[in-house]
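Have a look at the structure below before the remarks.
The values are calculated or read from the model by the stated rules, or taken from the named source; none is laboratory data. Since the model is a prediction, treat every value here as computed from it, not as a measurement. Here the Cβ positions follow ideal geometry from the backbone for every residue, glycine too, while neighbour counts run over all protein chains shown. Each accessible area value is taken on the protein alone, full model and side chains, heavy atoms only, with ligands, DNA and RNA left out. Shrake-Rupley method; radii C 1.70, N 1.55, O 1.52, S 1.80 Å.
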Amino acid sequence: MLLEFQVTFDLQRDVLPWVSALGSPVSDTVEKSSRTLRIINVERGGNVLYTWKGVEGFTSVGLYDPLAKTNEKLYSIDNEVNILSASVNSGKTLLALSYCHPTYGTRSQLLSPVSRYLALVMEIKPINNVKVLKAVDCSIRVQFLSSLEDVYASCENHLLIVSEEKYIDKFHISIGEDDEKRAVINNISNIPKDRIAEDFLWVQWDVLQQMLFYIVPKHAGCILHCIQFYPDGNFEFVLEIPLEISLADQSVSLLNMGYDPCEESGRESITSQNLQVFTNKTGGLCLFYYRTPTVLQEFTYVVAFLHKGCSKTFKVSTTITDPKQLKVSFINIDSYVAVYLPDQALHLINTRFPELMCYHLFLAGDCAKIDGLHCDCPLQTVLKTHVIECCTGILFSVSVNQGELLKCLTESRLDCERLAVLHCFLLHLDLQPQKEAQLIDWICDNLSTCVTFDPIQEFIIASLHRYLSLETVYLDKLLPYTSVPYWSQAIDRISCTTDIIEMPILKIDIFKDFWEHFLSELEYMKQTQQRFLYSNHMQRRDWCRLIYDGNSKEKRTDAYQRNILENTKKVLQNLNTSKSDGRTVPLNQEEEYLQKDLMGLMMVKLKDHLSQHLHCAAKNKVDKIVLDFVCKQLDLVCQILEVVWRKHILGPSVLCLDRDGNSSEYFAFHVMCRITDAASQMSMPLPPGFQTLQLFLAVRCLPLGCLLQYIDAGVLTLTEAFVVKLLKELDDNETNEKLKCSIFLRLPENICEKIYNLWDHTTSNNVIAMKYMKKLLFRLKQREITRQSPTDRSPMYMDFLPLNYLIMRLSEVEDKALNPFEEDNVDAAFLEAIALKHTADLLRLQQC
């Protein structure tokens with residue numbers, strides 16, 4: 001299944017044998033033990049608090065350490081009570097619990113309560129004082145604030161008490177030591193408290209971030225508030241945001257503050273879980289809200305992306321006709337929240353990039369089933385990637401099964417599903433090399449099946465974003481994360497509407513940790529009109545100008561051009577340093593001047609872009625990000641080729657020009673052409689040696705006419721290394737001569753100057769003659785030249801006055817006639833012969 005549930009804690013497996021070994025069995029029957037042994041809290045470090053009722057008539061609280069995999073009995077009450085919640089402090093010296101006394105109205109053996117619900121704090125090392133903090137008639141919950149810093153954990157502890165009477169208090173408990181160095185409560189007679197919130201309808205505790213969310217009604221809607229607690233016990237009201245939802249008909253809900261089995265709570269299982277808030281590590285803050293169905297066989301839920309200023313309403317078609325059978329679970333997987341409706345739908349909602357439907361993955365029917373669950377009751381997210389099955393007391397860790405995700409990609413026939421899976425793989429999962437190779441393999445095999453997007457572009461852009469987005473805060477807002485900016489196609493069985501919502505109001509001045517990322521999200525959304533996002537097309541115009549002026553000497557002396565060349569050298573040096581010896585693709589470092597110019601140009605443009613918006617980053621930091629960006633871009637292209645080379649077992653024989661290519665080589669050539677097309681659309685450079693290797697494969701795999709069309713269309717770019725090898729290795733038989741001539745006539749000027757003297761052929765002689773004449777006439781000084789007499793005429797003289805005059809002018813300025821096949825050493829007689837022969841060939845005349 002797509003979501004993999006792994007049991008990290010099971011009461012029956014991890015606790016029941018230990019309890020039985022204590023000599024105090026839970027119950028005489030398995031059915032009763034499953035009700036009396038249950039989880040009551042999961043603390044910040046993952047420790048699980050649980051309670052059980054023994055046959056002797058007592059109630060105990062235990063703690064399970066998932067790291068050490070050990071159990072510890074914390075406290076025992078000598079009568080049966082229904083514990084609602086419990087929490088232990090960081091030092092494991094204090095235990096707070098709340099419970100409902102079953103003998104309400106009678107004398108208790110322990111404390112003789114006058115109220116049904118009690119909240120207590122007690123010393124557990126050693127077991128000593130017990131302090132009643134609250135005695136009320138409404139349900140109450142307790143939660144210690146957690147501190148990972150011993151300096152705070154050892155001296156003062158802070159306890160939250162949340163009551164269904166709609167108030168939240170924070171108690172300050174001072175810890176000291178007695179004469180025997182044991183922890184005791186110093187202020188047990190007078191524990192101070194603060195009222196931090198009241199008149200709420202809904203509360204959710206985030207144990208990881210130590211944040212408390214609560215909703216208060218106001219006019220037609222309600223307002224969501226958030227309080228951030230700090231290790232020293234201080235707290236701040238961080239934000240508030242109006243919500244257009246109605247909770248008036250719902251009883252007070254308390255989430256992640258104790259876990260009651262559905263049958264004991266006496267409430268509808270969906271009541272306390274139809275509204276939840278989730279965060280992710282990049283600053284995302286989302287509210288998920290399930291609406292009671294008004295239409296049969298329709299399931300509606302709303303996701304408010306508070307960090308994006310928008311909400312999305314999803315409607316899913318189901319086969320369920322009774323709304324009471326809709327048992328919905330919201331499962332937090334950090335960058336995704338899974339909306340799970342058993343046997344009906346599984347919707348992985350992208351909380352980082354929620355803009356388009358193609359970034360979410362929706363599965364229905366058999367594909368939406370999840371194996372490993374023991375009942376159909378809703379799951380409750382307690383920690384990121386951890387959910388609890390309250391009815392069975394099982395804690396699961398949840399992860400995306402990469403094997404199943406790859407299988408989903410392989411079997412998908414819709415572009416929206418393919419793009420969603422690719423997005424999940426490339427931006428949110430830690431890919432193993434084997435899985436990454438399989439993903440690239442799928443991309444290469446499906447280049448023509450994806451209609452609405454280019455998989456190569458998506459792979460390069462998304463991988464770059466993933467690789468660089470954690471470099472510094474706000475960088476992920478400046479780099480593109482996808483190649484698909486728009487999506488308008490519908491998705492079967494689900495519809496989506498988007499609405500604009502109010503942005504949160506922040507109430508603090510100093511931001512750190514999660515709130516620093518959240519603030520960057522808000523600032524970005526408030527200023528999207530400034531187009532912060534970098535695009536490779538930003539350098540398209542300059543790139544085209546570089547191609548046009550690529551051989552201009554005046555251009556190469558310009559400071560801007562020198563800056564480009566200096567940046568290019570940095571890229572090439574870094575590539576040489578990081579080059580892997582284990583790679584099999586024959587990419588050689590060589591002069592491909594246009595690609596080198598594009599490398600430098602991209603660095604210049606990206607550096608300007610980042611320097612404009614990353615004000616907090618130092619210059620050397622920006623330089624490193626830019627260098628990493630270009631080098632990683634080139635490396636991703638090499639990764640694609642490496643997968644193709646290894647899969648098809650291609651060797652150095654691809655560089656031989658005297659034999660035809662096979663099907664594997666043609667496939668490799670096809671992939672390289674698609675990479676070239678993607679690079680052209682993205683205005684990105686190609687690795688050194690890429691174009692030469694592509695030419696070798698083209699000569700081996702394509703007929704001459706098709707090869708020349710590829711060259712003329714710009715798909716193939718002639719390189720000096722390829723032409724030199726072509727002229728040296730192939731003999732001058734009829735086929736090879738035709739190939740050489742066709743290539744020779746298409747050479748760029750900068751390459752032609754370097755290799756025209758390598759081939760003793762009529763075509764090359766024509767080029768030599770034209771080059772020499774152009775240079776000589778350019779250098780010719782304006783002076784009077786005596787006309788030659790008829791007796792000085794060349795033996796090849798013809799009555800063609802323009803040619804005669806040209807030859808006479810050239811003879812006047814020549815000092816001597818040297819070897820015509822050495823550079824710049826061509827005489828007028830050689831030019832005359834070449835000109836006559838070329839003219840005769842053009843006019844189809846027979847020479848005598």
Criterion: among the hydroxyl-bearing types (Ser, Thr, Tyr), open to solvent by 40 Å² or more (accessible area, probe 1.4 Å) and either at pLDDT 80 or above or touching a strand residue (DSSP E or B) at 6+ places or on another chain (Cβ under 9 Å) (or both) - qualifying residue of 611, 580: 611
Matching entry among 348, 361 (being among the aliphatic types (A, V, I, L, M), in contact with a Phe, Trp or Tyr (Cβ under 6 Å, 6 or more places away or on another chain) and under 18 Å from residue 425 (Cα atoms)): 348
Candidates 755, 675 - the one that is among the hydrophobic types (A, V, I, L, M, F, W, C) and either at pLDDT 90 or above or open to solvent by 30 Å² or more (accessible area, probe 1.4 Å) (or both): 675
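Just give me the residues in segment 311-320 being over 17 Å from residue 366 (Cβ atoms) and either in contact with a His (Cβ under 7 Å, 6 or more places away or on another chain) or open to solvent by less than 20 Å² (accessible area, probe 1.4 Å) (or both), in sequence order.
Initial filter on segment 311-320 (over 17 Å from residue 366 (Cβ atoms)): 311-315.
Hits for segment 311-320 are 311, 312, 313, 314.
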Selection within segment 429-460 - in contact (Cβ under 8 Å) with a residue 24 or more places away in the chain, farther than 19 Å from residue 668 by Cα and open to solvent by 10 Å² or more (accessible area, probe 1.4 Å): 429, 431, 432, 435, 451, 452, 453
Selection from segment 169-203 of residues that are closer than 20 Å to residue 380 by Cβ and open to solvent by 10 Å² or more (accessible area, probe 1.4 Å): 201
Lone unmet requirement of (1) at pLDDT 90 or above; (2) farther than 26 Å from residue 492 by Cα for residue 373: (1)
Residue count for segment 661-688, restricted to those that are more than 20 Å from residue 719 (Cβ to Cβ) and touching a helix residue (DSSP H, G or I) at 6+ places or on another chain (Cβ under 6 Å): 2
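Conditions (1) among the small types (Gly, Ala, Ser); (2) within 26 Å of the chain's Cα centre (by Cα); (3) open to solvent by 20 Å² or more (accessible area, probe 1.4 Å), marked per residue:
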{"site": "641", "(1), (2), (3)": "no, yes, no"}
{"site": "647", "(1), (2), (3)": "no, no, yes"}
{"site": "651", "(1), (2), (3)": "yes, no, yes"}
{"site": "661", "(1), (2), (3)": "yes, no, yes"}
{"site": "681", "(1), (2), (3)": "no, yes, yes"}
{"site": "684", "(1), (2), (3)": "no, yes, no"}
{"site": "696", "(1), (2), (3)": "no, no, no"}
{"site": "704", "(1), (2), (3)": "no, no, yes"}
{"site": "708", "(1), (2), (3)": "no, no, yes"}
Residue list for segment 184-207, restricted to those being in a strand (DSSP E or B) and either under 12 Å from residue 133 (Cβ atoms) or under 47 Å from the mean Cα position of the chain (by Cα) (or both): 185, 193, 194, 195, 196, 197, 198, 202, 203, 204, 205, 206
One residue from 361, 422, 447 being within 30 Å of residue 645 (Cα to Cα) and touching a Leu at 6+ places or on another chain (Cβ under 8 Å): 422
Residue in segment 421-428 that is open to solvent by 20 Å² or more (accessible area, probe 1.4 Å), in contact (Cβ under 8 Å) with a residue 12 or more places away in the chain and of a type in the set (A, V, I, L, M, F, W, C) present: no
Residue tally, condition open to solvent by less than 30 Å² (accessible area, probe 1.4 Å) and modelled with pLDDT of 85 or more, over segment 727-751: 3
Residue check, residue 166 closer than 20 Å to residue 135 by Cα, within 42 Å of the chain's Cα centre (by Cα) and open to solvent by 10 Å² or more (accessible area, probe 1.4 Å): yes
Filter result (within 22 Å of residue 454 (Cβ to Cβ) and among the small types (Gly, Ala, Ser)) within segment 651-709: 668, 678, 679, 680, 683, 698
Qualifying positions in segment 356-383 - in contact (Cβ under 8 Å) with a residue 40 or more places away in the chain and either open to solvent by 40 Å² or more (accessible area, probe 1.4 Å) or touching a Gly at 6+ places or on another chain (Cβ under 9 Å) (or both): 367, 369, 371, 372, 373, 376, 383
Among residues of segment 208-253, those that are more than 33 Å from the chain's Cα centre (by Cα), crowded, with 16+ Cβ neighbours inside 10 Å and among the hydroxyl-bearing types (Ser, Thr, Tyr), counted: 1
Residue list for segment 281-293, filter: touching a strand residue (DSSP E or B) at 6+ places or on another chain (Cβ under 8 Å), in a loop (DSSP other than H, G, I, E, B) and surrounded by fewer than 22 Cβ atoms within 10 Å (Cβ to Cβ): 293
In segment 114-144, residue modelled with the lowest pLDDT [restricted to those that are open to solvent by 10 Å² or more (accessible area, probe 1.4 Å), of a type in the set (S, T, N, Q) and part of a strand (DSSP E or B)]: 128
Whichever residue in segment 321-355 is open to solvent by less than 30 Å² (accessible area, probe 1.4 Å) and at pLDDT below 85 and, among such residues, is farthest from the chain's Cα centre (by Cα): 326
Test for residue 482: is it open to solvent by 10 Å² or more (accessible area, probe 1.4 Å), without any contact (Cβ under 8 Å) to a residue 12 or more places away in the chain, among the hydroxyl-bearing types (Ser, Thr, Tyr) and in a loop (DSSP other than H, G, I, E, B): no
